[in-house]
Amino acid sequence: MSKPFRVRRSKIHGRGVFAVRLIPKGKRIIEYTGERISPREADRRYEDGTRDHVHVLLFIVDRKTQIDAGVGGNEAHFINHSCDPNCEAVLQDKRIFIEAIRDIPAGVELTYDYHLEGPGVLSAEERKSYACRCGAENCRGTQLAPRRRRRAKPPARRGKQRPSPTRRRK
């Protein structure tokens, strides 16, 4: 069976991934692939002080592993951020999959909330590099995850786990 999506120009940003037929809620659409590297290697590759790596997207699998879609990645790395997403990234058996969280009609762009975590305290200029252009009614204006409030006791995690994407921008 052919892929239920196609990569093409996006109004959100650059290229995006669009449904070519109805994708039902709960459908596993694609695995996010790339080279599996250590955090140390990710730092070596992308924290060199140059502006050549403006849009590097790495997914954190665990403390020892990140997926670099820039090396051996597939179409999944073209899925754009939205504050009102129709997909989510799911971590299962140290692999990352993109799944539909609602029915996605043909022609609609696939999106998920990146929930990015910036490198520490960011200046106003640095925050601009994380600006969101999703256009959703509930757009929070940034791809960064909302700041978490401290809780006395964190809730127990059940079922699917969300992987932690990280975008490094210079």
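The values are calculated or read from the model by the stated rules, or taken from the named source; none is laboratory data. Please read all numbers here as calculations on a predicted model, not as lab measurements. Reconstructed Cβ throughout: ideal geometry from the backbone, glycine too, with neighbour counts over all protein chains shown.
Key figures
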quantity	calculated
Hits in region 28-40 - residues which are in contact (Cβ under 8 Å) with a residue 60 or more places away in the chain and surrounded by fewer than 17 Cβ atoms within 10 Å (Cβ to Cβ)	R28, E31
Test result for V7, at pLDDT 95 or above and in contact with a Pro (Cβ under 9 Å, 6 or more places away or on another chain)	no
Lone unmet requirement of (1) under 22 Å from G34 (Cα atoms); (2) out of contact with any Asp or Glu (no Cβ under 8 Å at 6 or more places or on another chain); (3) not in a strand (DSSP E or B) for V121	(1)
Flag if R102 is surrounded by 11 or more Cβ atoms within 10 Å (Cβ to Cβ) and either modelled with pLDDT under 95 or more than 11 Å from the chain's Cα centre (by Cα) (or both)	yes
Pair list, Cβ under 8 Å, 6 or more apart: region 119-140 residue more than 26 Å from A42 (Cα to Cα), other residue of a type in the set (G, A, S) and part of a loop (DSSP other than H, G, I, E, B)	C134/S82; A136/S82
Test: residue in region 107-130 that is hydroxyl-bearing (S, T, Y), at pLDDT 95 or above and under 24 Å from R15 (Cβ atoms)	yes
Count of residues meeting criterion [crowded, with 19+ Cβ neighbours inside 10 Å, farther than 27 Å from A19 by Cβ and at pLDDT 90 or above] in region 45-96	1
Filtered residue count, region 13-44, keeping only those that are assigned to a loop (DSSP other than H, G, I, E, B), closer than 19 Å to E88 by Cα and either modelled with pLDDT of 95 or more or aromatic (F, W, Y) (or both)	9
Pairs, first over 20 Å from E75 (Cβ atoms) in region 107-118, second assigned to a strand (DSSP E or B), C-beta under 6 Å, six or more apart	L116/L144; L116/R167; G118/L144
